[in-house]
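One structure is given below, encoded as structure tokens.
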Amino acid sequence: MITFSNTVKRYPNGFEALKGVTLSIAKGEMVAITGHSGAGKSTLLKLAAGIEAASKGSVLVNNQNLAEIKETGLGVLRRNLGLVFQDHKLLFDRNAFENVALPLSIAQFPRADIGKRVRAALDKVGLLDREKAHPITLSGGEQQRLCIARAIVNRPAILIADEPTGHLDQSYGATILDLFKSFNQVGVTVLLSTHDELNLARLKCRRIHLEMGRVAT
Amino acid sequence: MIGAWISAHGQACLRAFKRMGASPAASIISTLVIGIAIMLPLGLYSLFSNVTAAASRLNTEPNVNVYLQVAAKDDDALQTEKRLKAIANVAEVKFVPREVALAEMKRLASMADLLNGLDTNPLPHAFTLRPRATDEASLEQMQKELLALPKVDAVVMDFEWAKKLKRFATFAERLVMLLGAVLALAVVFVTGNTIRLQILTQKDEIEVSRLIGATKRFVRRPFLYFGALQGALAGGVAVAAMAALIWWAGQEVHALTISYGSDFQLQYLNAAQIASIIGIGAFLGWLGAYLSVSLYLRSARTV
Ligand SMILES: Nc1ncnc2c1ncn2[C@@H]1O[C@H](COP(=O)(O)OP(=O)(O)OP(=O)(O)O)[C@@H](O)[C@H]1O
Ligand SMILES: [Mg+2]
């Protein structure tokens, strides 16, 4: 489903964040990317989502080489991904409901469906009673969950989450990872990055460890 | 498919209206500014075309006046009349005897006292001709032929005035075009700037939308609607202002023309003109918005 072959990412300032990564993630798999800060986890996820382009080598998603698809194709791809960003990227001038509805209005869902789907997504992350709340009034953990609700609202086949447990304490992190596990159990391919060793041990999913831009064996 | 397209555009249009309503003062001001920018060349154009229309009504038929020397006798006049009729481009000859000319002049009150004091008639015999071909070349040729006739003192053609009028009309047209081009650019810039300010307040929304799959087209659409909508409204403002201006000027002109015994009327804009003004306004607004959003999307570089 997602394939990196000899992928190099060199940022415009010349820094090589990925120095030749080869890996493959199958459909329905759940994979955790681990590694120290600066190892290249976020970079790898951005490449998988087509947010950054590979400098060398290739990235394939759904058998499509991301370097070869055009702007509209990339749009279509992104609308079929669920993305959770390390810095959330919630809109602070909208309430929880409107934030979660954003991907649906971009995908031009009929208005009637939007309400149903948004509430279903908010329900999954336990925020149904906060739909009118503005993100600024939510706790860090609630913001994280809101971000997850936005990622799953269009029922993507692939979920890509960058440190979804980053700002959370141990037990709360466990709840979030269990949430991803439950998505995975219904067939969603999950690719996430994390520092959370303890919870990972419990989760028993495939791990890919990055060290300074390379996959460690 | 068509339904989705319509709903996508409907939503974008709705969002454009909402944005306009969100900051009514700013929207009204920029609409007025754009409206005035559209009105200026329009007003000038209308002024010039009315002036030219009025002026060309004053002398649709160019007349040629031929004056004989004061010393020319009645007999000379008869001879000249024959010669005039022989000239190819002359369609009609009307003889104006010096006595008639004098009597005519005496009728004008201000001249009467002056002329009564004279014991001789200072006016020459004259002819008024109607030319067949009225283009410049034929008239110039005719003027030469007339001047070559014996006893002819002067030839006065009012096509000089027509020529000046034409030159003025060309000049006015160019002026309007130039002004129009400059102000069209201004409209594009004003809209572009309005949109730029809007984009700045929606940076996050645009960034997030792009990240989760919105195409450039999708991001651009509501702004394009906004630009076009504002431009069309401004076109409407320009049309309304023009109508008011024409009505006002019409009153003045009417008073003026009555004293000249003319029934000249200022022309209001017709439906096609109104439609095209609003259309041009919408297009310029759309263009400003398009450029502004494209510029932003390029600089933001969100893949
Ligand atoms: N846009 C950029 N331009 C230049 N260098 C960058 C850019 N983004 C990331 N880097 C560098 O690339 C390296 C990898 O960054 P990345 O964000 O992928 O790390 P990470 O593994 O996600 O770290 P963390 O755990 O802190 O989130 C870092 O050294 C970082 O400084
Ligand atoms: Mg990171």
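Go ahead and set up a Gaussian network model of chain A, Cα springs under 10 Å, then flag whichever of A:Ile106, A:Ile148, A:Ile136 fluctuates most.
Among A:Ile106, A:Ile148, A:Ile136, the largest GNM mean-square fluctuation belongs to A:Ile106.
Between the stretch A:1-66 and the stretch B:10-51, how far is it from one alpha carbon centroid to the other, in angstrom?
Using only Cα atoms to place each centre, the spacing works out to 49 Å.
Divide the volume of the convex hull of the Cα atoms of the protein assembly as shown by its number of residues and quote the answer in cubic angstrom per residue.
Numbers: hull volume 117.6 nm³, N = 520.
In the protein assembly as shown, the Cα convex hull volume per residue is 226 Å³.
Could you point to the residue in A:Tyr11, B:Asn116, A:Gly82 farthest towards the positive end of the protein assembly as shown's charge dipole, with +1 and -1 charges on the Cβ of Lys/Arg and Asp/Glu respectively?
My answer, from the dipole projection, is A:Gly82.
List for the stretch B:1-39: residues with 20 Å² or greater reduction in accessible area, all protein chains versus chain alone, probe 1.4 Å?
Buried-area filter returns B:Ala8, B:Gln11.
Can you run phi through the Karplus equation (6.51, -1.76, 1.60; θ = phi - 60°) for the stretch A:193-204 and list ³J(HN,Hα) in whole Hz, with x for Gly and Pro?
10, 7, 9, 7, 4, 4, 5, 4, 4, 6, 6, 6
Can you compute the modelled spin-label distance between B:Ala103 and A:Thr22, with each label point 7 Å from Cα toward Cβ, in nm?
Between B:Ala103 and A:Thr22, the label points sit 11.9 nm apart.
Based on the alpha carbon coordinates of the stretch B:63-158, what radius of gyration and maximum Cα-Cα distance (Dmax) apply, in Å?
14.4, 43
Per-residue HN-Hα couplings for the stretch A:2-12, Karplus 6.51 cos²θ - 1.76 cosθ + 1.60 at θ = phi - 60°, whole Hz, x for Gly and Pro?
Listing the rounded values in order: 10, 10, 10, 10, 6, 7, 10, 10, 10, 6, x Hz.
Amide H to amide H, which residues 5 or more places from A:Val84 or on other chains are under 5 Å from it, using H placed in the peptide plane?
So A:Val84 has HN proximity to A:Ile160, A:Ala161, A:Asp162.
Check cross-link reach from A:Lys116 to the aspartates and glutamates: straight Cα distance under 14 Å, and skip same-chain residues fewer than eight apart.
Filter leaves A:Glu98, A:Glu131.
Within the stretch A:38-95, what whole-number % of the accessible surface is contributed by carbon and sulfur, with the 1.4 Å probe and all protein chains included in the calculation? Write out the running numbers ahead of the final one.
Numbers: 1210 of 2520 Å².
Percent of accessible area from carbon and sulfur atoms in the stretch A:38-95: 48.
Would you work out the relative contact order for chain B, in percent, from Cα pairs under 8 angstrom that are 6 or more residues apart?
On the way: 340 pairs, mean separation 84.2, N = 303.
Relative contact order here is 28 percent.
Counting only helical runs of four or more DSSP H residues, what would the 222 nm mean residue ellipticity of chain A come to if each run contributes -39,500 (n - 2.57) and the total is spread over all its residues?
Numbers: 7 runs with 78 residues, N = 217.
Dividing the helical sum by the residues of chain A leaves -11000 deg cm²/dmol.
Quote the Stokes-Einstein diffusion coefficient, in whole µm² s⁻¹, for chain A, based on the Kirkwood radius over alpha carbon pairs, a temperature of 37 °C and a viscosity of 0.692 mPa s.
Details: Rh = 17.7 Å.
This corresponds to a translational diffusion coefficient of 186 µm²/s.
Express the Stokes-Einstein translational diffusion coefficient of chain B in µm² s⁻¹, to the nearest whole number, given a Kirkwood radius over alpha-carbon pairs, 25 °C and a viscosity of 0.890 mPa s.
Working: Rh = 24.9 Å.
Diffusion coefficient, whole number: 99 µm²/s.
The values are calculated or read from the model by the stated rules, or taken from the named source; none is laboratory data. Keep in mind the model is a prediction, meaning the values are calculated, not measured. As a convention, Cβ positions derive from the backbone with ideal geometry for all residues, glycine included, and neighbour counts pool all protein chains shown. Side chains are part of the model used for accessible areas, which takes the heavy atoms of the whole protein and leaves out ligands, DNA and RNA. Shrake-Rupley method; radii C 1.70, N 1.55, O 1.52, S 1.80 Å.
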